[in-house]
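The structure appears below as structure tokens.
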Amino acid sequence: MSDQQFETFDAIIIGAGFAGLYSLYKLRKLGLNVRVFEAGDGVGGTWYWNRYPGARCDVESMEYSYSFDPELEQEWVWPDKYSKQSDILRYANHVAERYDLLKDIQFETRIKSAYYDRNINTWTIETSGGQKATAQYCIMAVGNLSTPRVPDFKGVDSFAGDWYHSGLWPKEEVDFSSKRVGIIGTGSTAIQIIPHVAKQAKHLTIFQRTANYSLPARNGPLPEDVRAAHKKKYRELREQAYFTPFGIAGYPPPEKAATDATPEEREAKYHQKWAEGGTISYLFSYNDLLLSPDSNKTASDFVRDRIREIVHDPNTAELLCPNDHPIGTKRICLDSGYYETFNRDNVSLVNVRSAPIEEITQTGLRTTTDAFELDSIIFATGFDAMTGAVLEMDVRTSDGIDMRERWKDGPKTYLGIMVAGFPNMFVITGPGSPGVKSQMILSIEQHTDWITDCIKNMRAKGINRAEAQPESEAKWVEHVNEVADSTLYPQANSWYVGANIPGKPRIFMPYVGGVEAYKKICDEVVENGYEGISLSP
Ligand code: N01
């Protein structure tokens, strides 16, 4: 390292999304001197980068927000049942300003490496511009879906038109009118983009490798009386959310199994849920949908029947029917008019499972059987999820531990928060946490509260180093796998198992034991004196 002057802080936070903002707020309250580094030129994380047409949250607005300040939740007005990206970004900016967070955030700064020196118990980060800073604590608030993946198709650079990745969307509005547009991918993102672009484009060609289940959002303006009623019970509902599997209040878990209902009863229930809209509501039709293949089939069949009912062309409808995974084992998509879009004359669906894309050409793209002329290509091809953002950085320690090496067979964490061998480093909603399988902001708050309590406790007791014990980490990884294996989740080729990244080890990464169970475990760890964590002066 050069002898240049390093800036020194008590804590460094990487990322200024919802996790980074709340961590800054909390650590500052402990009296720490904190600096946040953020690659973008504004706050908001996911909601800063994903500006694609149709971007919305699939969790209801009244739930998908911070709960730490009752005044904030009372004063903020969410216009829609499901918030659009620009409203969530406006909220993130409001929070940053309201709590005076901006002065401690350095924007347009990407972190290249993070290095822990055991002799001086200090983390040193280096930015891609060569700036260095040190701190005792390093908080990875880097997000789970923040490393966009443009598949390395041959010829992308030769394409004469414009191409976009959904997760790196330009700030300026993109006008697709009179354009022949191709979109690659049919995940949650594409399903939101497609109805919007179809209305503009001269022609939209959708290249689908795997069909997904999508449910109607039934989105709309949030009526004032609904908003007011929710606000009246906000504290109670926030509390309730922690005692649910997904961290979302207002959906009592079902008590009955699908196998205990008659076919007529099930049909009526699924119709009612379909009419109501939303994913949790549908998954909560019965309590065994993610446990029993037979039960799941009844819910999957119902959606396939709706697709066949909505889409006029029988071949297109059949191609849109998911058949390679049980419903709910991949993140269920939520849409506004997705299947209906396939009835438009200017929309066509291409099966790139049977004839894969071979290359992007100067004028479009070529599959193994056909060539397509395109003016614009949208890659809605997803992310290197859960591990991508951490592994993009060179994270290592003075005793030779290298994060890429430690995670080469899949990520290993203790509680999804700490990694053995990397003292005083905390990951917010990392692999092994229920984060992505929950209302993300609730999990962010729960993790951050846990981390800041841990740091507070350390400072009060003169402890300088906290480090997950390898045995407790191994036990946690085993538990995460055991819980996942008791469900149907691992059956799907999803980003939960890294299936979308060629060569990525197939490990089921999220904790699916539910928010309630997870919080209980985290609280017990504290009650037992930070069980599984070595604390040293
Ligand atoms: O990404 P994905 P996403 N040739 O990985 C296809 C969250 N989210 O951005 O399935 C052809 O799900 C790939 O095909 P396949 C949410 O958690 C939330 O859509 O691998 N196709 C798939 O269809 C979500 O789960 C909201 O066969 C290729 C698609 O690209 C997560 O983000 C909104 C291909 C990628 O789908 C990720 O969703 C949007 C190839 N070579 C997203 N490579 C909210 O509402 C990839 N694909 C909050």
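No value in this document is a laboratory result; all are computed from the given coordinates. None of the values given here were measured: they were computed from a predicted structure. Cβ atoms come from the backbone with ideal geometry, glycine included; neighbour counts cover every protein chain shown.
Give the calculated FRET efficiency between ALA499 and ASP409 to the nearest 0.05, with a Förster radius of 22 Å applied to their Cβ-Cβ distance.
Efficiency computed from Cβ-Cβ geometry: 0.90.
Going by amide H atoms built from the backbone, whose H comes under 5 Å of the H on ARG56, apart from near neighbours?
For ARG56, the qualifying residues are GLN85.
With each label point set 7 Å from Cα along the Cα-Cβ vector, what nm distance links GLU373 and ASP453?
It works out to 6.4 nm between the two label points.
At 7 Å along Cα-to-Cβ for each site, give me the label-to-label distance between ARG110 and GLN272 in nm.
5.1 nm
What is the Cα centroid distance between the range 255-293 and the range 327-349, reported in whole angstrom?
Each part's Cα centre sits 21 Å from the other's.
Based on alpha-carbon centroids, what's the gap between the range 8-38 and the range 63-77 in Å, whole number please?
Each part reduced to its Cα centre gives a spacing of 20 Å.
Take the Cβ-Cβ distance between GLU516 and GLU97 as r, set R0 to 35 Å, and report the resulting FRET efficiency rounded to the nearest 0.05.
Once rounded, the FRET efficiency stands at 0.55.
Using a Förster distance of 41 angstrom, determine the FRET efficiency expected from the C-beta separation of ASP485 and SER398, and round it to 0.05.
Result of the calculation: an efficiency of 0.65.
So how far, in whole Å, is the C-alpha centre of the range 429-489 from the one of the range 102-157?
21 Å
Over the range 1-131, with a single point scatterer placed on each C-alpha, what log10 of the ratio I(q)/I(0) does the Debye formula yield at q = 0.16, 0.17, 0.21 1/Å?
-0.85, -0.93, -1.24
Which chymotrypsin sites (Phe, Trp or Tyr not before Pro) from the range 376-430 combine a DSSP loop assignment with at most 16 other Cβ atoms within 10 Å?
none
Restrict the search to the range 101-186; then list the GluC sites (Glu not before Pro) that DSSP places in a loop and that have at most 10 other Cβ atoms within 10 Å of their Cβ.
Filter output for the range 101-186: GLU172, GLU173.
Counting other Cβ atoms within 10 Å of each Cβ, which trypsin sites (Lys or Arg not before Pro) in the range 158-202 have at most 11 and sit in a DSSP loop?
Answer in residue order: LYS171.
Residue by residue through the range 162-170, which ³J(HN,Hα) values in whole Hz follow from phi under the Karplus form 6.51 cos²θ - 1.76 cosθ + 1.60 (θ = phi - 60°), with glycine and proline marked x?
Karplus-based 3J(HN,Hα) across the range 162-170 equals 9, 10, 9, 9, 3, x, 9, 6, x Hz.
Among the lysines, which have Cα under 23 Å from the Cα of LYS233 when same-chain residues fewer than 8 positions away are ignored?
Counting by Cα, and skipping residues close in sequence, LYS233 has these lysines nearby: LYS81, LYS519.
Could I have the simple spin-label model distance between ASN323 and GLN469, label points 7 Å from Cα toward Cβ, reported in nm to one decimal?
5.2 nm
Using 0.36 nm times the number of residues separating THR259 and PHE68, minus their current alpha carbon distance, what extension gain do you get?
Working: separation 191, 0.36 × 191 = 68.76 nm, distance 4.08 nm.
Stretched out fully, the THR259 to PHE68 stretch lengthens by 64.7 nm.
Report the full-extension gain for the segment ASP80 to GLU7: residue separation times 0.36 nm, less the Cα-Cα distance, to one decimal in nm. Show your work: numbers first, answer last.
Working: separation 73, 0.36 × 73 = 26.28 nm, distance 4.31 nm.
Net length gain for the segment: 22.0 nm.
Treating cross-link reach as a plain straight distance, find the aspartates and glutamates whose alpha-carbon is under 14 Å from the alpha-carbon of LYS199, omitting any fewer than eight places away in the same chain.
In chain and number order, the partners are ASP175, GLU340, ASP345.
What value in Å³ per residue do you get for the convex hull of the alpha-carbon atoms in the range 106-227?
243 Å³
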